Amino acid sequence: MAEVQIDQATYDALTSQGVPDRIARAKAKAATVRKEKQEQGVEIGPKSADQATKALAEFRENFGGSGGGTATATAVADAPSGRLTPEERAARVRASLGQTNGSPSIGVPADSKHTHRLLALVPPSGIQQVSDKQQDKVYTWPHLLLVEFVALLAMGAVLLVVSYFIDATFRELANPNLTPNPSKAPWYFLGLQELLRYFHPMVAGVTIPGVGLIALGATAYMDKNPSAKPENRKFANMSMTFFMCLWTVFVFAGSFFRGPGFNWVWPWVDGLFFEL
Amino acid sequence: MPKLPSWSEIQKNTQDNVIWKSIFRPGSIYRKGYRDTSRDRALAAMNNVLYHLHPVKVKRHGLKLTYTYCLGGLSFFLFVVLTITGIFLMFFYTPAAGAGTELAYADMRNIQASVTFGQLVRNMHRWGAHLMVFTVFLHMARVFYHGAYKPPREFNWVVGVILLTLTLLLSFTGYLLPWDQLAIWAVTVGTEMMGFTPVFGKQVQFVLLGGAVIGPNTLLRWYVLHVLFVPFVTVIFLAVHFWRIRKDGGISGPL
């Protein structure tokens, strides 16, 4: 049997309401089935008492009037009117548990004729079968470990080759009395140094990075959208991309477009003032 | 000439003794041998110290290179490379400066000129450090775009942000150690900004510099921060980070 397709509209609506993915999928599949049945003209929904009686008669004709292998069949087939009143149902439960005196006791007494316990009465329509989605998994060894090992070797090789051909920067002895022009922070702080041109040092050096880091950490708690699909989180992705581009622009400006006195220069005119 | 033992005899004699059995746990592929069966694939992961990092099975989509680009793993790999090269450099480096005793700078020159592989190891340490800042940053971007910080992984995202900060601190504290013009002036620019922290900015700066300006005390402090304190804190957060990945259900997704 082909797998039931997911009804995308239902799935999207449920996901946006915060319904877990697994349940949204199951409900979306049920929606597809309902649609198909409606198209075929099959009646769906709860059955009337008449219909239930008719269905019971059909059931007896097909499977015999008494006995039956399953709890479901027994419970329904023995019912005189097709439906049990709550009192009848309670009496049946008591009887099957061997409780004739009405006092609850657990388990089946030794003198009971029953060889089984009734655990539940199941409606003939059955219960919804929702099983956890099987995950597609592979063994860590060899699949993951091989990928990791290759990545590690590649990175190690790149690092070794770069280190062989390019020497780390080493300048003359530190001299507190001789300020180089320009004096630059390491590259990852050059965005902040660039901000120093526009803001008070307290804002550029403390407030912006502090608030930025706290906001970054709090992102996980502020983003309430349960979906991880890119199409469902355009705003989050756009914001992140915007801030990362902004930050990259500041780092590039501070790194390559600032020269003596940290004034603006064009690297292709005035040369590079950048050291790693 | 006495008869040489066969390969299987050597193997049996090596493996069938108390010492070998004490090293490799029962069920280890080094005791029972390895055949390419599901059972042995599972045992290879289970009877391995890597079991602390990886479960026996992982989601298939996580293997795709374009899902993770191995960025987290490579960041950790660079951290290990930096630890190893850093220990090598420590053998030849004295964090001492000051008029007449410019030992730090002299040792740097010595490492590059006289120590076997000194220049190469120093280069690896420096380029590896820059690279690690870069891979950690890219790892963060990757996790964000996959929405991998969403429940139940919110706290691990916070640990990740802390690790990003620690990576920057590791790199920045190491930046001073060569004690050349580039080092002290880059650090001067960086620490001047810290001095503008409200209320206790000057005190923070004073503690970090070990004085009002950068000097020999600063070098010793930043050396200790760089080789002991920050790596120690980083390892703790790394342990929590890795542990939470597994507890939160492994790799995120599929999307």
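Laid out as a table, the results:
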{"quantity": "Only one of A:206, A:162 that is crowded, with 18+ Cβ neighbours inside 10 Å, touching a Phe, Trp or Tyr at 6+ places or on another chain (Cβ under 6 Å) and among the aliphatic types (A, V, I, L, M)", "calculated": "A:206"}
{"quantity": "Condition broken by residue B:121, with the remaining ones in (1) within 9 Å of chain A (Cβ to nearest Cβ); (2) over 30 Å from residue B:221 (Cβ atoms); (3) open to solvent by less than 70 Å² (accessible area, probe 1.4 Å) satisfied", "calculated": "(2)"}
{"quantity": "Filter pass, residue B:225 being touching a Pro at 6+ places or on another chain (Cβ under 6 Å) and either open to solvent by less than 50 Å² (accessible area, probe 1.4 Å) or not basic (Lys, Arg) (or both)", "calculated": "no"}
{"quantity": "Checklist (1) within 22 Å of the chain's Cα centre (by Cα); (2) touching a residue at least 12 places away in the same chain (Cβ under 8 Å); (3) assigned to a helix (DSSP H, G or I) applied to residue B:229, failing item", "calculated": "(2)"}
{"quantity": "Boolean, residue A:198 is outside any helix (DSSP H, G or I), open to solvent by 60 Å² or more (accessible area, probe 1.4 Å) and free of Cβ contacts under 8 Å to residues at least 24 places away in the same chain", "calculated": "yes"}
{"quantity": "All helices (runs of 4 or more DSSP H) inside region B:145-218 with 1 or more residues being in contact with a Ser or Thr (Cβ under 8 Å, 6 or more places away or on another chain), modelled with pLDDT of 95 or more and at the interface with chain A (Cβ under 7 Å from one of its Cβ atoms)", "calculated": "B:154-175"}
{"quantity": "Residue selected from region B:54-82 under the condition surrounded by 15 or more Cβ atoms within 10 Å (Cβ to Cβ) and more than 9 Å from every other protein chain (Cβ to nearest Cβ), by the criterion nearest to residue A:229 (Cα to Cα)", "calculated": "B:67"}
{"quantity": "Which listed residue is charged (D, E, K, R), within 42 Å of the chain's Cα centre (by Cα) and modelled with pLDDT under 65, from A:78, A:132", "calculated": "A:132"}
{"quantity": "Residue match in region B:84-91 (condition: small (Gly, Ala, Ser), in contact (Cβ under 8 Å) with a residue 24 or more places away in the chain and either open to solvent by 30 Å² or more (accessible area, probe 1.4 Å) or more than 26 Å from residue B:210 (Cα to Cα) (or both))", "calculated": "no"}
{"quantity": "Qualifying residue in region A:253-270 (condition: surrounded by 17 or more Cβ atoms within 10 Å (Cβ to Cβ), facing chain B (nearest Cβ under 10 Å) and touching a Pro at 6+ places or on another chain (Cβ under 8 Å))", "calculated": "yes"}
{"quantity": "Filter result (open to solvent by less than 50 Å² (accessible area, probe 1.4 Å) and either of a type in the set (Phe, Trp, Tyr) or within 7 Å of chain B (Cβ to nearest Cβ) (or both)) within region A:174-190", "calculated": "A:174, A:180, A:183, A:184, A:185, A:186, A:188, A:189"}
{"quantity": "Exclusive hit being in a helix (DSSP H, G or I) and modelled with pLDDT under 90, set B:89, B:74, B:78, B:50", "calculated": "B:50"}
{"quantity": "Evaluation of residue A:171 against (1) modelled with pLDDT of 95 or more; (2) surrounded by 13 or more Cβ atoms within 10 Å (Cβ to Cβ) (one fails), failing number", "calculated": "(1)"}
{"quantity": "Criterion violated by residue B:96 - all others in (1) open to solvent by 20 Å² or more (accessible area, probe 1.4 Å); (2) within 11 Å of chain A (Cβ to nearest Cβ) satisfied", "calculated": "(2)"}
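The values are calculated or read from the model by the stated rules, or taken from the named source; none is laboratory data. The shown structure was predicted, so the numbers you read here are calculated from the model rather than taken from an experiment. When we count neighbours, we look across all protein chains shown, and the Cβ atoms used for this are built from the backbone with ideal geometry, even at glycine. For the accessible areas, the whole protein counts, side chains as well, though only heavy atoms, and no ligand, DNA or RNA atoms are used. Shrake-Rupley method; radii C 1.70, N 1.55, O 1.52, S 1.80 Å.
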